[in-house]
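The values are calculated or read from the model by the stated rules, or taken from the named source; none is laboratory data. Please read all numbers here as calculations on a predicted model, not as lab measurements. No Cβ is skipped: glycine too gets one built from the backbone with ideal geometry, and neighbour counts run over all protein chains shown. Just so you know, the surface numbers come from the protein's heavy atoms only, side chains and all, with ligands and any DNA or RNA stripped out. Shrake-Rupley method; radii C 1.70, N 1.55, O 1.52, S 1.80 Å.
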Amino acid sequence: MTKIAVLGSTGSIGTQTLDIVSKNEDLQVVGLAAGRNIDLLEKQIRAFRPRLAAVGDPALAKELEIRVKDTSCKVAGGMEGLIQVAVMEEAEILVTAIVGMIGIRPTIEAICTGKDIALANKETLVTAGHIIMPLAEEKGVKIYPVDSEHSAIYQCLHGEKNRSIQKLLITASGGPFRGKKREDLEHVRVEDALKHPNWAMGHKITIDSATLVNKGLEVMEAKWLFGVDLDQIQVVVQPQSVIHSMVEFVDGSVMAQLGSPDMRLPIQYALYRGERRFLDDERLDFSKLGSITFETPDTETFKGLPLAMEASRIGGSMPTVFNAANEKAVALFLDRKISFLDIYRIIEEAMERHQVIPDPGIKEILDMEQDIYRWIEGRW
């Protein structure tokens, strides 16, 4: 029996994680955490009977505690509650499916207590990879990627040595505006940006896919996960979303991981620590697929990718600035307070005004996030 705790259990990755648990008797949920959706969290508590649940909003935690007082589940609130779930003694794997930099502290605390991490929180490595990866090595903790692209690379590297890597090829669908030019994006609506052609994801990640920021974050994350230089990472548009990523080795051989666009496969692969298990999922039918095509990403129109690469090359605190500015900009766009192209403008201005801190600690990273938020609120 593998016992797991899930941060972000009510989101897209979290609910799919619990779907996998429900179909495998050797997986058990001992802890759940969510931000504000206590209606769904209550249902999850009754279905999976965890020992502990946490809610990011302390007031809602008190309400949930009253709702589930007929169960044996204890309820905690705020950041301390998230950390309590992350460090539960009986949990062997922590699934970090929570969105945003709020996931950094619980992830670090879990690593410090020896938990393996099924990582779906990009921000953790994007902003604090220089802290997380050495700490995981020191504590003997494994980090299993859950993003489909990073899971694909991880699967391709199974049985290989990292020093044999020539290049990582991260694939992108191109998002809902693939083929459009900058003038086409001037009057994009929220509803248009949320129509991803292949994947069902949360709103924030779907917008990030439309701007190609998501692909930039994945490049930044891959650098830390696989210990490669930025020059060894290439983004390739693969519109059918059949090839999830590839690895080119020093001898010229290229390995690719293919599959249907369903996040349950990489989630299950992480939960079972790289062991293959049956998954009741739609299979690829190559006779119907017809063709698999590739394109070069349009970095002139979709500036999320080059801005992310620039932030990563500068290093230090700049990735935090890039990430925080994007988070706030996406929230404003979803609230219909700014235009689609304003997302890029906000990121660019935030990076231009920032004085880089070479080796930021966790407090500096989190303080910087709040500083960026305040600046954007005052400026936009």
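What the table shows:
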item: Scan of segment 116-147 for residues that are open to solvent by less than 20 Å² (accessible area, probe 1.4 Å) and basic (Lys, Arg), ordered by number; result: Lys122
item: Candidate set from segment 171-184 (those that are in contact with a Ser or Thr (Cβ under 7 Å, 6 or more places away or on another chain) and open to solvent by less than 50 Å² (accessible area, probe 1.4 Å)); member that is farthest from Lys337 (Cα to Cα); result: Thr171
item: Close pairs from segment 49-73: first touching a residue at least 60 places away in the same chain (Cβ under 8 Å), partner in a helix (DSSP H, G or I), Cβ under 8 Å, at least 6 apart; result: none
item: Among residues of segment 358-373, those that are open to solvent by 30 Å² or more (accessible area, probe 1.4 Å), part of a helix (DSSP H, G or I) and touching a residue at least 60 places away in the same chain (Cβ under 8 Å), counted; result: 2
item: Condition met for Glu218 (modelled with pLDDT of 95 or more, within 28 Å of Leu289 (Cβ to Cβ) and either of a type in the set (A, V, I, L, M, F, W, C) or open to solvent by less than 20 Å² (accessible area, probe 1.4 Å) (or both)); result: yes
item: Qualifying residue in segment 33-47 (condition: in a strand (DSSP E or B) and either surrounded by fewer than 21 Cβ atoms within 10 Å (Cβ to Cβ) or in contact (Cβ under 8 Å) with a residue 24 or more places away in the chain (or both)); result: yes
item: Cβ pairs under 6 Å, 6+ apart, first in segment 1-30 and over 16 Å from Leu41 (Cα atoms) and assigned to a strand (DSSP E or B), second of a type in the set (S, T, N, Q) and open to solvent by 30 Å² or more (accessible area, probe 1.4 Å); result: Lys3/Gln28
item: Given (1) under 15 Å from Val321 (Cα atoms); (2) surrounded by 15 or more Cβ atoms within 10 Å (Cβ to Cβ), index of the condition Glu377 fails; result: (2)
item: Evaluation of Ala331 against (1) open to solvent by 10 Å² or more (accessible area, probe 1.4 Å); (2) within 20 Å of the chain's Cα centre (by Cα); (3) more than 16 Å from Asp208 (Cβ to Cβ) (one fails), failing number; result: (3)
item: Residue within segment 85-95 that is at pLDDT 95 or above, open to solvent by 10 Å² or more (accessible area, probe 1.4 Å) and in contact with an Asp or Glu (Cβ under 9 Å, 6 or more places away or on another chain) present; result: yes
item: Exclusive hit being of a type in the set (Lys, Arg) and open to solvent by 50 Å² or more (accessible area, probe 1.4 Å), set Lys204, Lys223; result: Lys223
item: Hey, Ser253 open to solvent by less than 30 Å² (accessible area, probe 1.4 Å), more than 18 Å from the chain's Cα centre (by Cα) and among the hydroxyl-bearing types (Ser, Thr, Tyr) or not; result: no
item: Residues of segment 1-26 satisfying the condition of being more than 18 Å from Asp262 (Cβ to Cβ) and in contact with a strand residue (DSSP E or B) (Cβ under 9 Å, 6 or more places away or on another chain); result: Met1, Thr2, Lys3, Ile4, Ala5, Val6, Leu7, Gly8, Ser9, Thr10, Asp26
item: Residue in segment 284-298 that is under 22 Å from the mean Cα position of the chain (by Cα) and surrounded by fewer than 18 Cβ atoms within 10 Å (Cβ to Cβ) present; result: no
item: Residue among Ala136, Ala152, Ala110 that is at pLDDT 95 or above and under 17 Å from Val30 (Cα atoms); result: Ala110
